[in-house]
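Bear in mind that the values in this text are calculations on the coordinates, not laboratory data. It should be emphasised that the depicted structure is a prediction, and the values quoted were computed from it without experimental measurement. Virtual Cβ from ideal backbone geometry, glycine too; neighbours counted across all protein chains shown.
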Amino acid sequence: MYLSTEIPQISLRPLEKRDLPDLIRHADNPHIAGNLRDRFPSPYTEKDALAYLDMQPKVGLPQNLAITYSDQLIGVMGYIPQEDVYRISAEFGYWVSEDYWGKGIATAAIKVFVPWLFAHSDLVRMYANVFAFNVQSRRVLEKAGFTFEGLSRDAVIKRGVIYDEYRFAILKSDFHAD
Ligand SMILES: CC(C)(COP(=O)(O)OP(=O)(O)OC[C@H]1O[C@@H](n2cnc3c(N)ncnc32)[C@H](O)[C@@H]1OP(=O)(O)O)[C@@H](O)C(=O)NCCC(=O)NCCS
């Protein structure tokens, strides 16, 4: 599968083994890891990248897609399906190489990722949790049509500091209403 975006060079596709060097090069950045969960390694080593590529599902719908510039990985966008009564929801996450920030790439990628996922799953809701200081990501979600749903106070601890967290979501019904 292959998703093109409104930016001609930017598209999304499943992760491949050949992405290894680009994944290490772009993911190994504390400015990226600082905005993500601690399970996103920093430093991001070859071993981490190999393990990540290896854990991608071999069959069925991909859970993570490479964001590519001229077919070279420059970021990743993915979702985590929730369980039990939350199984109609997926948590959504992404990162873009710092070399490419501020060019509308994350926004363009979300705009194709969301309809793709709703079209190929039974999900009715996608949500993203954003650390309060991450103004870029909050802006991206607003630009991509997500709705701000609320602020969880003192919800996360990152690098020893406690922060509030913003929650944004988009519904399948919101998407069809557009
Ligand atoms: C968040 C992230 C994906 C954004 O990617 P991107 O491709 O640069 O995003 P876009 O270019 O589509 O949009 C960025 C927006 O943030 C704005 N922005 C950037 N820095 C800002 C700042 N300090 N204050 C306010 N707005 C800012 C940009 O101006 C732009 O908005 P605009 O189009 O209205 O001008 C990227 O910064 C990243 O990978 N960060 C680290 C990982 C991360 O935060 N992931 C999300 C976790 S919830």
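Quick look at the numbers
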read-out: Likely footprinting exposure, Trp95, Trp101, Trp116, fewest C-beta neighbours within 10 Å first; value: Trp101, Trp116, Trp95
read-out: Global form of the chain, assessed from the alpha-carbon gyration tensor, a/c cut-off 1.5; value: rounded
read-out: Protection proxy ranking of 39-46, 61-68 - average other beta-carbon atoms within 10 Å, highest first; value: 61-68, 39-46
read-out: For Lys103, Lys58, order by how many other beta-carbon atoms lie within 10 Å, fewest first; value: Lys58, Lys103
read-out: Per-selection metrics, region 102-148 (Cα): Rg and Dmax in Å; value: 11.3, 33
read-out: Ranked list, fewest to most other Cβ atoms within 10 Å of each Cβ, for Lys143, Lys47, Lys111; value: Lys47, Lys143, Lys111
read-out: The chain: relative contact order as a whole-number percent, Cα under 8 Å and 6+ apart; value: 19
read-out: Most fluctuating residue given options Tyr69, Tyr163, Tyr127, as computed from a GNM of the chain linking Cα atoms under 10 Å; value: Tyr163
read-out: Asp164 long-range amide H proximity, modeled H, under 5 Å; value: Ala132, Asp154, Ala155
read-out: Per-residue HN-Hα couplings for region 113-118 [Karplus 6.51, -1.76, 1.60; θ = phi - 60°; Hz; x = Gly/Pro]; value: 5, 4, x, 4, 5, 4
read-out: Rounded to whole Hz, the Karplus (6.51, -1.76, 1.60) HN-Hα couplings of region 65-81, x for glycine and proline; value: 10, 6, 8, 10, 10, 6, 6, 9, 4, 10, x, 9, 9, x, 9, 10, x
